[in-house]
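> Got a structure for you, written out below as structure tokens; questions coming shortly.
Taken together, the values in this text are just the output of simple stated rules run on the coordinates, not laboratory data. Keep in mind that what you see is a predicted model, and the values were worked out from it rather than measured. Here the Cβ positions follow ideal geometry from the backbone for every residue, glycine too, while neighbour counts run over all protein chains shown.
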Amino acid sequence: MLDSSTDLKSMLSDPSLLQTQAFINNQWVDGENGATFDVSNPARGDVIAQVADLSRADLARAIDGAEAAQKKWAALTAKERCNILRNWYNLMMEHQSDLAMILTAEMGKPLTEAMGEISYGASFVEFFAEEAKRNYGETIPGHQADKRITVIKQPIGVAASITPWNFPNAMITRKAAPALAAGCAFVARPSELTPLSALALGVLAQRAGLPAGILQIVPSNDASASGKEFCENSKVRKLTFTGSTRVGRILLGQAAEQVKKCSMELGGNAPFIVFDDAVLDEAVIGAMACKFRNNGQTCVCANRIYVQAGVYEEFTKRFKVAVEAMKVGDGFAGADLGPLISKPALAKVEDHIADALSKGAVVATGGKPHDLGGTFFEPTILTGVTQDMTVSKEETFGPMAPLFKFENVDDVIAMANDTIFGLAAYFYAKDLSRVYKVAEALEYGIIGVNTGIISTEVAPFGGVKQSGLGREGSRHGMDEYLELKYICMSV
Ligand code: NAD
């Protein structure tokens, strides 16, 4: 259990990873006015750190530093950039336990999940370190006899990120690693709820040998001002955002003024479909991982579980046994589910449950805040959920699994696609022709077939419709930080 920052520091084998100042031009600095904001441990509610609260002017200075450093970084060979990124990856893995403890302390997820997030986050650094060397251009047969056409890829310049609290490490590395590999400089403004994981990444980047200014980490409690600075500062050539669709729309609107290149990883409303030919025990395992990982606070987690009528009762029975076996508690104390991030997050889960119950759904298990108090919530299953309930339209972002019943393939495809979101979808089925047809018919960027876990650095992650723009991970992830330049030569 964690009581305070003193406790956290004493738990770390390398206490210097716990940084509370901003990281700008390879220096650890306070903001111009010395302000700080509190970071709390959601499992206990106590303050574990006071972090430098940067103003817009501070952010502008960080952007200046990034711009000044970027061209020299881009001029290194790909192998030189690769070696530094590779050092960063090695350091992250060497300090995996410490990074995981910092993450659990500020975010609440179980320590084993935090360990998993650090290796997932580090995997992007490893992957893009290598990918830097494969930033191939192309030659195109000339359109006239004397013409030679070459296409090269160049770094876009300074990229700036705004990231959420639910994956405080990986949401940053998934952006920073391809940007740095491409030759961009990167300015990261982490969530005000979880800046410590980001700052610890800065400590390791410095040790890895990243040149001054190439990675700036700028905590700020004023999200709106940070977004405005990134959108209105013309030195920022690329904005990359992960968070809600609501905030994504605001940022896209602001970025329109300068026609700024944007990547948006936004909200989801993932359907998880169990067909009558599914192997039910495997579907239960998949649904557990997909719904309850990170306490349901994951953009790709199952938000709506559709079960075909013939297996609905049996699936519900087996799923309930698995859900009731989960232990809720402090992430440092071996729990399967930690606290929700905040009181508003808990209120949202309660609202979705109340709305569903008022329209005829039934609680199969859970359904209310946990006896532990704070923001702990009982893992919950609702049955008899229908398309008119709020949960079918909005992500709950909590440990509540709503079970919908369906009769046939066409019905469930229509219901699954009946949303403004299109990030991830899952289904369990064995019939091969059904597998192909359903995978093609679902309007989502990511499809899990007979699996509830789809995130990996080697595949393109991202959504369609209002779930976002662009992809992260895989070779496509680096293109988000590159511009194509076509050179036409007469010979
Ligand atoms: P959020 O949109 O409220 O906040 C995300 C970030 O934006 C935070 O750092 C926040 O401080 C900042 N922010 C808030 N208002 C802002 C403004 N006006 N201008 C600029 N920045 C602003 O989302 P959240 O609650 O932190 O995270 C959960 C959301 O993120 C969910 O919708 C989830 O689906 C989404 N998410 C998406 C992905 C993905 O890859 N698609 C991954 C993780 C989370």
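> List the pairs whose first member sits in region 319-337 and is free of Cβ contacts under 8 Å to residues at least 12 places away in the same chain, whose second member is crowded, with 16+ Cβ neighbours inside 10 Å, and whose Cβ atoms are under 6 Å apart, counting only residues at least 6 apart or on separate chains?
So the pair list comes out as LYS327/ALA335; LYS327/ASP336.
> Restricted to region 265-278, and to residues that are crowded, with 24+ Cβ neighbours inside 10 Å and more than 7 Å from the ligand (Cβ to nearest atom), which residue is nearest to ALA62 (Cα to Cα)?
Filtering region 265-278 for residues that are crowded, with 24+ Cβ neighbours inside 10 Å and more than 7 Å from the ligand (Cβ to nearest atom), the one nearest to ALA62 (Cα to Cα) comes out as ASN269.
> Further question on the same structure: Yes or no: SER191 closer than 14 Å to PHE37 by Cβ, within 10 Å of the ligand (Cβ to nearest atom) and touching a residue at least 60 places away in the same chain (Cβ under 8 Å)?
It is false that SER191 is closer than 14 Å to PHE37 by Cβ, within 10 Å of the ligand (Cβ to nearest atom) and touching a residue at least 60 places away in the same chain (Cβ under 8 Å).
> Still on this structure, I have one more. Can you name the residue in region 233-262 that is free of Cβ contacts under 8 Å to residues at least 60 places away in the same chain and surrounded by 20 or more Cβ atoms within 10 Å (Cβ to Cβ) and is also nearest to the ligand (Cβ to nearest atom) among such residues?
Once the filter is applied, the top-ranked residue is ALA255.
> Can I ask one more? Output the number of the condition that PHE186 fails; it satisfies all remaining conditions of (1) more than 15 Å from the ligand (Cβ to nearest atom); (2) assigned to a loop (DSSP other than H, G, I, E, B); (3) in contact with a Leu (Cβ under 6 Å, 6 or more places away or on another chain).
Single failed check for PHE186: (2).
> Which condition does LYS109 not pass, out of (1) in contact (Cβ under 8 Å) with a residue 40 or more places away in the chain; (2) touching a Cys at 6+ places or on another chain (Cβ under 9 Å), if it passes all the others?
It is condition (2) that LYS109 fails.
> With respect to SER224, determine if the residue is among the hydroxyl-bearing types (Ser, Thr, Tyr) and within 12 Å of the ligand (Cβ to nearest atom). Please lay out each step first, then the result.
On the way: among the hydroxyl-bearing types (Ser, Thr, Tyr): yes; within 12 Å of the ligand (Cβ to nearest atom): yes.
Considered against the rule, which asks whether it is among the hydroxyl-bearing types (Ser, Thr, Tyr) and within 12 Å of the ligand (Cβ to nearest atom), SER224 comes out as yes.
> For region 1-120, list the helices (runs of 4 or more DSSP H) that sit wholly inside it and hold at least 1 residues that are farther than 20 Å from ALA170 by Cβ and polar (S, T, N, Q); which are they?
Here the list reads 5-11, 56-75, 78-94.
> If PHE230 passes every condition in (1) more than 14 Å from the ligand (Cβ to nearest atom); (2) not in a strand (DSSP E or B) but one, which one does it miss?
Condition (1) is where PHE230 drops out.
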